[in-house]
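The values are calculated or read from the model by the stated rules, or taken from the named source; none is laboratory data. Every value quoted in this text rests on a predicted model; they were computed, and no experiment measured them. Please note: Cβ atoms are built from the backbone with ideal geometry, for glycine as well, and neighbour counts cover all protein chains shown. Just so you know, the surface numbers come from the protein's heavy atoms only, side chains and all, with ligands and any DNA or RNA stripped out. Shrake-Rupley method; radii C 1.70, N 1.55, O 1.52, S 1.80 Å.
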Amino acid sequence: MVFTSLVWCLLSGSVAWADPGPRDDVPTGPPPARWFKGNLHTHTLWSDGNEFPEMVAEWYRDHGYNFLAISDHDILIQGSKWVSVEESNRRARADVLARYKARFGEDWVETRELDGVEQVRLKPLGEIRALFDEVGKFLLIQGEEITDQFERKPLHVNAANIIERVPPQGGRNAVEAMTKNLDAIGAQGRRLGRATLGMVNHPNFGYAINAEDLALATKGRFVEVYNGHPLTRGRGDGTHPPVERLWDIVNTLRLGELKALPIYGLATDDAHNYTDRRGPSPGRGWIMVRSRYLTPEALIRALNAGDFYGSSGVTLKRLDFDRASQTLSLEVDPLPETDYHIEFIGTPRDYDRSRRPVLSSEGRPLPVTSRYSSDVGQVLARSEGLTASYQLTGDELYVRAVVTASRPPENPSYPAQRQQAWTQPIGWERD
Ligand SMILES: [Zn+2]
Ligand SMILES: [Zn+2]
């Protein structure tokens, strides 16, 4: 009898049990694309950060972020890891266990004593996501900072949305090491049928990566144009260009000479220190990604399409590239009592290709980025105010915009820093 009525229900399309109706937090049709704020480079106590991952996730969620990739050095936050309480407190110069317990309670926090050492369990991402993930609002992503080296120089590549650890792949030089690590991230994605993202971190850290090498490592589609860690030397020095200049050289070489795809610029925190505002603290660099869905797959698709910008404080109300008129236009979402200027930067197709190596005091070429002509990454147009647009003439290899505010970031990473936003190169797709 029950069987026949169930068959009848299925045949007639009616449902015999109470239908709860659609959940209102799960979109039923395609929602409009919107901007999601996120950071793809963060450390916790799982490696050399000084805070529990739940505390880190909560910091980002409470500061308006929509997604966060936790990217500890050469480790995924999976399984179990027990760390010494004393060592964790020493690293943070604070009683991090007491704060962790005060926030999440004795029931959540797991401690034990092993061989006379008090230990605390670091929770894996799966457990933490249960506390923080919220449809369309906040998403935690598994990341890893693959901490490789060549010739004793640090070469770090971040992976996002992986589920197996990628060990450092090594390489005889920077190009080989970047390529092998990025290939390993891509290969895992193909093998497991998931979207993964690989990015080249802080090229000026240890001055390990010069523009020529990054241009040749064409598997690299993302590089940190801004990293909030003060020791990553984003501004360069007398011998090494700032990373923003390096970025323009890379894209000029790729588009003008190598016939390769350009590299996009990310802003990240590389946060390690959550207990005070010194050193690599959070909230300095992030990306705004335009996507319909807050899922790793949708975010990675938008990143691959260049539909994002990096920021150290500036928010855009509008960012459009109209293909028909070949016009890039944007509008700043202003802060009070703040002035803005907008620059369109690019390299003309017929740029002066002259370059000269940087020489040591003995006159030998150094393994650093050569000096390029002022045609490379030149300012094509500049304006004051909240809106600007640039119509491409067709004579540019690429064009990008950078917005600079008169106001410093809330927690600057270097003296005299100003809030900025960096959009991605456009205009190169015609070839
Ligand atoms: Zn690093
Ligand atoms: Zn890092």
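If you filter segment 226-243 down to residues that are within 17 Å of the chain's Cα centre (by Cα) and of a type in the set (S, T, N, Q), you find that the one that is nearest to residue 39 (Cα to Cα) is 227. Residues in segment 183-215 that are within 15 Å of ligand 1 (Cβ to nearest atom), of a type outside the set (Phe, Trp, Tyr) and assigned to a helix (DSSP H, G or I): 206 alone. Of all residues in segment 111-137, exactly one satisfies the criterion of being part of a helix (DSSP H, G or I) and in contact with a Lys or Arg (Cβ under 8 Å, 6 or more places away or on another chain), namely 132.
Residues that are touching a residue at least 12 places away in the same chain (Cβ under 8 Å) and among the charged types (D, E, K, R) were ranked within segment 220-256; the one that is farthest from residue 72 (Cα to Cα) is 254. The single condition among (1) out of contact with any strand residue (DSSP E or B) (no Cβ under 7 Å at 6 or more places or on another chain); (2) part of a strand (DSSP E or B) that residue 219 does not satisfy is (2). Here residue 165 passes the criteria (1) closer than 23 Å to residue 39 by Cβ; (2) open to solvent by 60 Å² or more (accessible area, probe 1.4 Å); (3) away from ligand 2 (no atom under 16 Å from the Cβ); (4) of a type outside the set (A, V, I, L, M, F, W, C) except the one numbered (3).
If I ask for residues that are within 17 Å of residue 270 (Cβ to Cβ) and either open to solvent by 10 Å² or more (accessible area, probe 1.4 Å) or among the acidic types (Asp, Glu) (or both), which ones from segment 210-231 would you list?
At the first step, the residues of segment 210-231 found to be within 17 Å of residue 270 (Cβ to Cβ) are 222-231.
Within segment 210-231, 224, 225, 226, 227, 229, 230, 231 qualify.
Within segment 313-339, can you find the residues that are open to solvent by less than 10 Å² (accessible area, probe 1.4 Å) and under 19 Å from residue 263 (Cα atoms)? Once the filter is applied, which keeps residues that are open to solvent by less than 10 Å² (accessible area, probe 1.4 Å) and under 19 Å from residue 263 (Cα atoms), segment 313-339 yields only 328. Counting residues in segment 248-255 that are more than 16 Å from residue 200 (Cβ to Cβ), at pLDDT 95 or above, crowded, with 21+ Cβ neighbours inside 10 Å and under 18 Å from the mean Cα position of the chain (by Cα) gives zero. Any residue in segment 182-203 that's within 14 Å of ligand 2 (Cβ to nearest atom): show its pairings with residues that are hydroxyl-bearing (Ser, Thr, Tyr) and part of a strand (DSSP E or B) at Cβ separation under 8 Å, as long as the two are six or more apart or on different chains. That search, which allows pairs on different chains as well, returns 201/268.
Considering 128, 162, which residue is of a type in the set (Val, Ile, Thr) and either more than 25 Å from residue 290 (Cβ to Cβ) or in contact with a Cys (Cβ under 8 Å, 6 or more places away or on another chain) (or both)?
Values: 162 fails: either more than 25 Å from residue 290 (Cβ to Cβ) or in contact with a Cys (Cβ under 8 Å, 6 or more places away or on another chain) (or both).
Answer to the selection: 128.
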